[in-house]
Amino acid sequence: MVPTRRIHAVSVHLLWRSLLCLIFISFTPVSFAADDSRFTSLSQLFQPSNSHEYQFSPNGQHLAYIDAQAALNTIVVSTLGRHKQSKRIVLKGTAPNKLHWLNANIIVYEAEGRLMSIDCATMSHKLLLDNLNYVRPNNRLISSYDNAYRDWQLVNTLPQEPQNLIVAAKDKQNNSYIYRYNFVENRLDEIANGRSGGISDWIVARNGKVSLGLINEQGRETYLAKSGNKWSASKAPLMFDFDGESYLNRRAVFESVSYNEDIVYVSENFSTDKFRITAYSLSQNKPLNTVLEDNYYDIGGDENPAQLLFNDRTKKLAGIHYDRDKPHSVWFDKTLAAMQRSLNTRFPDAVNRIESWTPDMQKVLVKSYDATARHKVYLYYPFRQKLELLSDFSGTSDTDAVAATQTFRFKARDGYELEGYLTLPKNTDAAPVPLVVIPHGGPWARDTWTYDADSQFFAAQGYATLKVNFRGSRGYGLAHLRAGIGELAGLMIDDIADGAYWAINNNITKANSVSIMGASYGGYAALMSGVRYPNLYQGVVSKAAPIDLLNQFEHFQDNDLGFAYNYWQQAVGDPLVNAAFLAEISPKAHLAKLSLPTLIYHGAEDQTVPVWQATLAEKSLQRNKKAKVIIVANEGHGFTQIENRLEYLNAAKALFSSAEL
């Protein structure tokens with residue numbers, strides 16, 4: 001085994017404890033196959049969409065959005081109609097988010113916890129609410145910084161009160177406050193105060209009245225409903241509350257508010273296997289009616305919340321976006337449903353999502369996703385059947401090189417049906433291609449049909465990638481989720497392997513051309529897959545993986561991560577009762593017999609799975625001369641710097657290329 005380190009001076013102290021654990025360390029440089037020109041080209045795979053936060057003005061005459069790829073932080077305001085023109089408003093030193101129109105001229109946006117405004121007619125900027133506000137609504141002066149500090153957010157506008165906004169503030173103690181803010185008079189009127197009850201968030205209805213309070217203490221969420229003039233903990237069957245012990249058994253998840261503070265929309269599975277959307281009465285503390293359900297997929301829930309869209313003119317729920325095998329939309333508003341049908345007729349091979357519309361519905365914002373899961377943004381004039389392209393998310397300069405992602409279903413060895421995603425390299429003949437299996441993290445998460453830069457990286461190199469929503473993944477009902485309890489190294493690994501066998505049996509790849517890589521639980525799964533299926537996989541790449549589960553539990557406990565401790569205790573095993581089982585399913589117990597080419601990456605700043613877990617792998621892999629452990633400075637549980645992501649992928653590709661037979 002050849003251990004490797006890339007250490008910047010700033011992070012040496014983070015690695016010193018790990019270095020003391022090793023008997024012998026040799027430092028060798030890391031080399032990669034990609035040349036500089038390829039590096040530059042492939043880096044474009046990671047570029048984000050070039051614009052977001054599209055917002056129509058109340059009169060429908062303007063459209064504002066944030067240009068994320070401009071050299072400077074920029075808000076673009078376009079005048080719609082015959083005389084089109086655009087204004088680019090450059091914001092110095094401020095990253096804007098959450099745009100809202102107050103009226104036909106004024107935009108409010110959030111920036112670093114402050115509320116700012118722009119008058120588009122005069123191009124003047126104004127600070128509305130600052131982080132430090134030493135004067136409270138009762139004009140009482142505050143001298144303490146901690147008491148004066150507020151992190152502001154815009155909750156919603158009030159169309160019937162155009163001079164007022166509903167805003168939220170959070171103090172240094174994580175208490176939340178709700179105010180009605182008159183921006184003309186610069187006056188704050190308090191609606192709800194979370195200081196006395198330690199309330200960390202308020203859920204505000206679309207009419208500006210408070211529906212629920214929320215206390216978040218070390219990962220335990222408790223919802224508060226109003227009883228008289230007091231806010232008290234909600235009771236069954238209102239089961240929004242959760243903590244680490246109950247997370248996998250949640251039967252109701254808050255989704256959205258309505259125009260009535262008493263009615264909220266929840267995802268619930270009280271009497272079904274799948275989460276469905278239900279209208280819920282807070283005063284009656286019970287479900288009212290089922291709004292939407294799906295026989296195969298959850299609608300909403302923790303990992304993939306549904307997006308509920310409302311029509312402010314009719315004050316009704318207009319439609320719901322949620323994830324099936326691909327993004328899916330259901331419309332209750334007949335006009336919007338007709339628009340959806342028209343768009344699907346015009347772009348039959350695309351996933352078309354109506355995102356927003358003007359009050360008169362004469363102009364509609366549409367995102368249209370092609371087979372690669374990249375999207376274009378259109379301005380749609382439904383009554384003229386006209387489309388204008390506003391933005392094109394290409395992801396790479398060579399758009400023709402981006403590969404399509406398709407869904408597939410297959411049966412595991414016990415006959416259970418599973419679903420996954422396959423990305424094939426473009427412009428290849430019918431011959432099998434090398435395959436990289438990429439299990440998702442969590443493990444109680446879910447892969448969805450979305451643009452994935454890692455898959456596109458491998459597709460550009462001639463590789464297919466395969467992802468399986470193995471048992472234990474969210475999105476497919478309670479039985480599918482609970483089937484993964486205690487099966488980190490068992491059924492989950494088998495389901496992943498069965499996905500690879502499906503690809504072999506369908507001539508997508510050859511039996512000697514399959515490798516596996518993943519991060520977090522996906523990294524754990526990659527290592528355990530290499531241990532359990534050494535004849536299936538040719539190479540293993542793991543990032544940020546827990547190597548010793550008992551030590552990982554100690555990390556949760558030592559760092560006061562009670563939610564994570566209790567969650568894994570329920571999902572994997574209790575270290576006080578199941579210590580032998582946890583030791584047996586830890587990679588630490590098996591890596592000494594892993595003979596495949598193996599690459600382990602870990603961020604030096606990882607607070608979720610600490611970097612010393614990688615040193616445990618290093619010790620266990622000392623006999624494997626084809627194994628390497630690399631610690632990356634200034635990165636955490638997920639790599640955020642593009643150059644480090646590319647280095648990791650290039651190293652993985654180099655390992656897979658050398659491992660293929």
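The values are calculated or read from the model by the stated rules, or taken from the named source; none is laboratory data. Given the structure is predicted, the values throughout are model-derived calculations rather than measurements. Positions of Cβ are backbone-derived with ideal geometry, glycine not excepted, and every protein chain shown enters the neighbour counts. We work out accessible area using only protein heavy atoms, side chains counted, and drop any ligands, DNA or RNA first. Shrake-Rupley method; radii C 1.70, N 1.55, O 1.52, S 1.80 Å.
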- Message: Run the simple label-point estimate for Asn105 and Lys411 please: 7 Å along Cα→C-beta, distance reported in nm.
- Response: 6.9
- Over the stretch 249-330, what percent of the accessible surface lies on carbon and sulfur atoms, probe 1.4 Å? 41
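On full extension of the chain, what length is gained from Ala431 through Glu643, given 0.36 nm per residue of separation minus the C-alpha to C-alpha distance? Please report the intermediate quantities before stating the final value.
Details: separation 212, 0.36 × 212 = 76.32 nm, distance 3.26 nm.
Contour length minus the Cα-Cα distance gives 73.1 nm.
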- Task: Taking all protein chains together and a probe of 1.4 Å, list Glu261, Glu647, Glu268 from the most accessible to the least accessible.
- Result: Glu261, Glu647, Glu268
- How large is ³J(HN,Hα) for each residue in the stretch 634-651, as worked out from phi by the Karplus curve 6.51 cos²θ - 1.76 cosθ + 1.60 (θ = phi - 60°), to whole Hz, x for Gly and Pro? 6, 10, x, 5, x, 7, 9, 8, 4, 5, 6, 5, 5, 4, 4, 5, 5, 5
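With a 1.4 Å probe and every protein chain left in place, work out the accessible area per residue of the stretch 272-378 in Å², rounded to a whole number. Could you put the intermediate results ahead of the total?
Values: 4680 Å² over 107 residues.
Each residue of the stretch 272-378 exposes 44 Å² on average to a 1.4 Å probe.
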- Message: Give me a comma-separated list of calculated 3J(HN,Hα) values for the stretch 117-130, in order, Karplus coefficients 6.51, -1.76, 1.60 applied at θ = phi - 60°, integers in Hz, x for any Gly or Pro.
- Response: 9, 10, 8, 5, 6, 9, 6, 8, 9, 8, 8, 8, 9, 8
- Query: Quick one: accessible area per residue over the stretch 421-537, 1.4 Å probe, rounded to a whole number of Å²?
  - Reply: 27
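Take peptides 287-299, 118-130 and line them up by average Cβ neighbours within 10 Å, highest first, as a rough protection proxy.
Numbers: 287-299: 16.5, 118-130: 14.4.
Packing proxy ranking, top to bottom: 287-299, 118-130.
Looking at the stretch 411-513, which trypsin sites (Lys or Arg not before Pro) are DSSP coil and have at most 15 other C-beta atoms within 10 Å of their C-beta?
Details: sites: Lys411, Arg413, Lys426, Arg446, Lys467, Arg471, Arg474, Arg482, Lys510; in loops: Arg413, Lys426, Arg446, Arg471, Arg474, Lys510.
Within the stretch 411-513, the qualifying trypsin sites (Lys or Arg not before Pro) (loop, at most 15 other Cβ atoms within 10 Å) are Arg413, Lys426.
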- Rounded accessible area of Phe254 (nearest 10 Å², 1.4 Å probe): 40
- Query: Taking the Cα centre of each part, how many Å lie between the stretch 491-535 and the stretch 405-438?
  - Reply: 11
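Just to confirm a number: summing +1 for Lys and Arg and -1 for Asp and Glu over residues other than Asp201 whose beta-carbon lies under 13 angstrom from that of Asp201, what do you get? Kindly include the intermediate steps, with their values, before the conclusion.
Details: positive: Lys170; negative: Asp151, Asp171, Glu217, Glu221.
Once all neighbours under 13 Å are counted, the net charge is -3.
On full extension of the chain, what length is gained from Tyr501 through Tyr296, given 0.36 nm per residue of separation minus the C-alpha to C-alpha distance? Could the numbers behind the result be given before it?
On the way: separation 205, 0.36 × 205 = 73.80 nm, distance 2.40 nm.
Between Tyr501 and Tyr296, full extension yields an extra 71.4 nm.
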- Note on the structure: For the pair Gln44 and Lys625, the simple spin-label estimate (label points 7 Å beyond Cα toward Cβ) gives in nm 4.3
- Would you mind calculating the relative contact order of the stretch 322-443 from Cα pairs under 8 angstrom and at least 6 residues apart, reporting the percent as a whole number? 13
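With the cut-off at 1.5 for a/c, could you classify the stretch 607-661 from its C-alpha gyration tensor as rounded, prolate or oblate? Spell out each step's value before the answer.
Working: a/c = 3.01, a/b = 1.13, b/c = 2.66.
Verdict is oblate for the stretch 607-661.
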- Message: Please list Thr448, Thr423 from largest to smallest accessible area, probe radius 1.4 Å, with all protein chains kept in place.
- Response: Thr448, Thr423
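Which of the peptides 439-445, 367-373, 344-350 is most tightly packed, and how do the rest follow, judged by the mean count of other Cβ atoms within 10 Å per residue?
Top of the packing list down: 439-445, 367-373, 344-350.
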